[in-house]
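Please read the structure below before turning to the comments.
The values are calculated or read from the model by the stated rules, or taken from the named source; none is laboratory data. Since the model is a prediction, treat every value here as computed from it, not as a measurement. Don't worry about glycine lacking a Cβ; one is built from the backbone with ideal geometry, like all the others, and counts go over all protein chains shown. Remember, those area values only see protein heavy atoms, side chains included, never the ligands or the DNA or RNA. Shrake-Rupley method; radii C 1.70, N 1.55, O 1.52, S 1.80 Å.
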2 protein chains.
Amino acid sequence: MTITTPHLGATGITDHKMEQWGFPTRYDNEYLPDPRSEFWFPNRETMDPDLRAEVILERIQTVMKYAYANSTFYRKKWDAAGLEPGDITSYEAFESVPVVTKQELRQSQLESAPYGDYLCVPDSEIYHIHGTSGTTGTPTVFAIGRGDWDTIANNHARIMWGMGIRPGDTVFVAAVFSLYLGSWGALAGAERLRCKVFPFGAGAPGMTARAVRWLAASKPAALYATPSYALRLAEVAEAENIDPREFGIKVMFFSGEPGASVPSVRSAIAKAFGATVIDCGTMAEMSPFMSASATAGTPDGMLLWQDIVYHEVCDPATYRTVPYGGEGTPVYTHLERTSQPMIRLASGDLTSWVMEDNPCGRTYPKFPRGVYGRIDDMLHIRGENVYPTEIDNVLRNISMYGGEHRIVVTRTGAMDEMLVQVEHTLDHPTADLVDRFAGDVGRELQAMIGLRVGVEAVAHHTFDRTDHKARRVDDRRNFSASGGQS
Amino acid sequence: MTITTPHLGATGITDHKMEQWGFPTRYDNEYLPDPRSEFWFPNRETMDPDLRAEVILERIQTVMKYAYANSTFYRKKWDAAGLEPGDITSYEAFESVPVVTKQELRQSQLESAPYGDYLCVPDSEIYHIHGTSGTTGTPTVFAIGRGDWDTIANNHARIMWGMGIRPGDTVFVAAVFSLYLGSWGALAGAERLRCKVFPFGAGAPGMTARAVRWLAASKPAALYATPSYALRLAEVAEAENIDPREFGIKVMFFSGEPGASVPSVRSAIAKAFGATVIDCGTMAEMSPFMSASATAGTPDGMLLWQDIVYHEVCDPATYRTVPYGGEGTPVYTHLERTSQPMIRLASGDLTSWVMEDNPCGRTYPKFPRGVYGRIDDMLHIRGENVYPTEIDNVLRNISMYGGEHRIVVTRTGAMDEMLVQVEHTLDHPTADLVDRFAGDVGRELQAMIGLRVGVEAVAHHTFDRTDHKARRVDDRRNFSASGGQS
């Protein structure tokens, strides 16, 4: 296999055999692959990545021409930058296209309410309205076109096929159906894949115990949830004397949080349910958000299905791509969306990428550790960079860890202090045993993150479990900390 | 217009012009009516009801033949009754077909888990799994086929067109997306009608306040919810100093509870939102459950769209239809479902029906007061029959009523006692004013239901508001009380 670099000059190749490759995208909704095939679209998934890159560059120009013609937002932005779509004849040129920030999208929606001046289709084409939860400021509205919904469903079906999910499998969706796009995207993919979908949802009081009973009764082949909620489902099942392995789930796929690529969280889920754990997901804005996803044959990390969404990993200062092997922030470009296409959307997330032979045979680059944080999630504590996911990972490897914790960051003068409140599972918590547990935790954390941090051991079930995404950081220094992954 | 009776002999008429009338049903998903038409299918909706009845009788035979050939459940049941589908050559004969009870469906699913032996399609055709919430015993699973989902969407789109909803309208769905089929049915209909759907959901903590903000921002043309939840949305909006009329909602359609046909609940909703109130809904098992629904031109009660689902109102002792004008229990028969077709499903609900000229021009019979109770909801108190909806209706006409109440029924020896706990909105609740309020309530209730009942006036917001269906009866006599409408 040829190992390519992310940079490539285009030569305008059109003589390719990429299945159902067109713009505007119109997939054949009756298509299913050969049942023996591991691939939905064998050519698109296993082709020479250099050739794929040339074709993608052509598509990038096409999408940019479309967005320039159909939206004031992109026309103004690119005019101000002194560029036009016809200039984008190389990846070097593409990297000079200014990124789109979430703040710009919000501003556009304030000025051109409700959908913003980056809506590129007539109002009558809008099919579904969703939005961000808006817990951190003005929410953003997603107006997704009828054709785009269809494209999202086809892409998710294709990627879920790659996870090993097949027509006729029961897919249990255990995440809230509301603004959050994760559950809707899993539903659309499962419907298109001709699965039996059980859209159970989550979030209302009493639903977790009921979900456990329905999982035991329906024995789904696949489950979609957030990683935090999967752990909660396991806890609730065990409290009712049900072994989650009895659900018989084969594949569990996750988005919404980094957890499914955090090694100890990943193994805790795999162990509790006896299932393959698949991480996927970019951002709600980027639906089909599963474009970064592991597969049955390459279950670690997330492959970047570049012919669906073009993924770059960039230096957050220059927004030029970093070489394979490097760390940076993902920047995403839609190749198949027409309603609110995102062209170089800055995620604010943090990852690294590699290009290597994948056991599953797909010739895509990979986020080997998934998306493991956000630039603004990183806690700077006395000169050290600390990621909440690292702490999660350390704690889950400690025996007697009770499954939940909180991270409290304070500042005294110029000095940052971090206190980790950690649940234990001691049956008879004498002062001595609790101290020993806290000491163990402190030593393990110091070994991993290179900092002495305060540790407070607290009783099991002190902290609320979440039905959705975990919020564990309480940063009292007046900075904000929020997650943005879909 | 000819006024027909529910009984009619069949003559095997096939020379009719009913649009897209076939079995198995396959609707044209691209079809939309002339924008100036009030009807989706003018012929099916306005045809001579006698002619329609003849065609429906043919279809009943077809569906029965299909169910007999494809399910052990119906074959056994009808063999035991000594009948076969070919015998059903008249409505008299059809009324001798034994009804299906929910208990039989549960039993079938226990013996032939998980979907019961009334599933008439191969497993691979199952598209969505939903179920009853199971708050009152073993839950029932709904396995809905791909073709049936499509049929449900087409039928709901047609009925929503009748409500005055049009392509391009924003439809806000404010009901939980989980087991409950109400929200899913509204979503499917709105999608097919080419509306912009905002599937917001309900039920999770904090969602009501967020729904209010999104309603203010998205200004939907139509809203779907349960009646109880609409009143809660209005309360929360008013608490945040938002007038619900500013949402600009034109049509509100409801199922799940009888409220939208209870005059005072109906007018409270209409007044709060300044919108037309439409009642619809039969049972979750009967999806497309909107087959009983009001229209823009006939907004009171519910028309029975007999060519979608055949509705009978029966004497609960004999399960023979009562004449138009009479009261009884609805019995429902699917004419367009293939996955789990219900043939004479006994609802346990209570209604009356009439056949009269409808202002909208549709030649359907009508439930003039909607579905106003359940046979087992009826409280027998000292020889009087009391329906909880009647109490609701009385209270909402009393000034200073705080919007919620509870009904506590106890037995002392052989004597039943009913206590109604009623919220007031007195700003300065002196003992005197509270007594006067309670006295007013007692007098009004006695005048309506013919019984002296205990009244306890309690402070505003004493009782929890619901995100879903109201549960107001606390029957401590060891009987059960539950609602079953979808």
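First check a/c for the range B:379-486, with a ≥ b ≥ c the square roots of the eigenvalues of its C-alpha gyration tensor; if it is under 1.5, answer rounded, and if not, answer prolate when a/b is larger than b/c or oblate otherwise. Cα axes put the range B:379-486 in the oblate bin.
Take the cross-link list A:250/A:271; B:102/B:469; A:196/A:250; A:17/A:366; A:469/B:469; B:196/B:219 and give me the ones stretching past 18 Å between alpha-carbons. Please list the in-between numbers first.
Numbers: A:250/A:271 12 Å; B:102/B:469 20 Å; A:196/A:250 15 Å; A:17/A:366 23 Å; A:469/B:469 28 Å; B:196/B:219 12 Å.
Over 18 Å Cα-Cα: B:102/B:469; A:17/A:366; A:469/B:469.
Taking amide H as placed 1.01 Å from N in the peptide plane, the amide H of residue A:470 sits under 5 Å from that of A:228, each at least 5 places away or on another chain.
Based on DSSP, what percent of beta bridges with both residues in the range B:1-375 are antiparallel, to the nearest 5?
The answer is about 65 percent antiparallel.
Other protein chain C-beta atoms within 10 Å of residue C-beta, averaged over A:175-181: 6.
Interface area, chains B and A: about 3000 Å² of buried accessible surface, summed, with a 1.4 Å probe and ligands, DNA and RNA left out.
Expressed as a whole percentage, what fraction of the accessible surface of the range B:1-375 belongs to carbon and sulfur atoms when a 1.4 Å probe is rolled over the protein heavy atoms? Carbon plus sulfur share of accessible area: 52 percent.
Between the listed residues A:264, A:323, A:233, the Cα displaced farthest toward the positive end of the dipole of the range A:1-375, a dipole computed from Cβ unit charges relative to the Cα centre, is found at A:233.
Per residue of peptide A:205-214, the mean number of Cβ atoms on other chains within 10 Å of the residue Cβ is 3.
With every protein chain left in place, what is the accessible area per residue of the range B:144-186 in square angstrom, probe 1.4 Å?
Per-residue value: 13 Å².
Built from the Cα atoms of the range B:1-375, the convex hull projects on average onto 17.7 nm², one quarter of its surface area. Summary of the geometry: the range A:307-339 and the range A:64-79, compared by the centres of their Cα atoms, lie 19 Å apart. Over the range A:1-375, Cα pairs under 8 Å with separation of 6+ residues give a relative contact order of 16 percent.
The packing ranking, built from the mean of other Cβ atoms within 10 Å per residue, places the peptides B:306-313, B:318-325 in the order B:306-313, B:318-325, highest first. Of the beta bridges in the range B:360-486, as assigned by DSSP with both residues counted there, near 60 percent are antiparallel. Remark: the range A:166-173, residue by residue, has Karplus-estimated 3J(HN,Hα) of 10, x, x, 5, 7, 10, 9, 9 Hz, where x stands for each Gly or Pro and the curve is 6.51 cos²θ - 1.76 cosθ + 1.60 at θ = phi - 60°.
Residue B:72 sits among other residues whose Cβ lies under 12 Å from its own Cβ, and their net charge, with Lys and Arg +1 and Asp and Glu -1, is 0.
Taking amide hydrogens as placed 1.01 Å from N in the peptide plane, the amide H of residue A:170 sits under 5 Å from those of A:196, A:221, A:222, each at least 5 positions away in sequence or on another chain.
The GluC sites (Glu not before Pro) found in the range A:199-291 that occupy coil by DSSP, while having at most 14 further C-beta atoms within 10 Å, are A:240.
Placing a label point 7 Å from the Cα of residue A:446 along the Cα-to-Cβ direction, the distances to the matching points in the other copies come to 8.0 nm, shortest first. Accessible surface area normalised per residue over the range B:379-482 is 54 Å², counting heavy atoms of protein chains with a 1.4 Å rolling probe.
Going by the alpha-carbon gyration tensor, a ≥ b ≥ c the square roots of its eigenvalues, is the range B:9-130 rounded (a/c under 1.5) or, if a/c is not under 1.5, prolate (a/b greater than b/c) versus oblate?
Oblate is the answer for the range B:9-130, as a/c is 1.5 or above yet b/c matches or exceeds a/b.
Peptide packing: for B:367-375, B:97-105, the average count of neighbouring Cβ atoms within 10 Å per residue gives the ranking B:367-375, B:97-105, highest mean first. Summing charges over neighbours of residue B:101, with a neighbour being any other residue whose Cβ is under 14 Å away from its Cβ, gives +1 when K and R count +1 and D and E count -1.
In chain B, the beta-carbon sitting nearest the axis that superposes B on A belongs to the residue given here with its distance in angstrom, B:177, 2. The dipole here belongs to the range B:64-146: it is taken about the Cα centre, uses +1 on the Cβ of Lys and Arg and -1 on the Cβ of Asp and Glu, and is about 220 debye.
Rounded to the nearest 20, the Cβ-based charge dipole of the protein assembly as shown about its Cα centre (Lys and Arg +1, Asp and Glu -1) stands at 180 debye.
For chain B, a simple Cβ point-charge model (Lys and Arg +1, Asp and Glu -1, everything else neutral) yields a dipole of about 680 debye relative to the Cα centre.
Of all DSSP bridge pairs formed entirely within the range B:183-321, close to 35 percent run antiparallel.
Shown for residue B:323: label points 7 Å from Cα along the beta-carbon vector, and their distances to the equivalent points in the other copies, 9.4 nm in ascending order. Segment residue A:133..residue A:96, full-extension length gain: 10.2 nm, with 0.36 nm per residue of separation and the alpha-carbon distance subtracted. Averaged over residues, the count of other Cβ atoms within 10 Å places the peptides B:106-115, A:326-335 in the sequence A:326-335, B:106-115, highest first. With all protein chains in place and a 1.4 Å probe, the accessible surface of the range A:379-482 carries 46 percent carbon and sulfur. Taking 19 Å as the straight-line reach from the Cα of residue A:65, the aspartates and glutamates in range (excluding those fewer than 8 positions away in the same chain) are A:54, A:79, A:84, A:87, A:92, A:95, A:117, A:148, A:307, A:336. Partner shielding of A:114-127 amounts to 2, given as the average count of beta-carbon atoms from other chains within 10 Å of each residue beta-carbon.
Here is how far apart the residue B:243 label points are across copies: 6.4 nm, shortest first, using a point 7 Å from Cα toward Cβ.
The helix-only estimate of mean residue ellipticity at 222 nm for chain B, built from DSSP H runs of length n ≥ 4 each weighted as -39500 (n - 2.57), is -9000 deg cm²/dmol after division by the residue total. Couplings 3J(HN,Hα) for the range B:340-351, derived from phi with the Karplus relation 6.51 cos²θ - 1.76 cosθ + 1.60 (θ = phi - 60°), are 10, x, 9, 10, 6, 7, 7, 7, x, 7, 9, 7 Hz, where x marks Gly and Pro.
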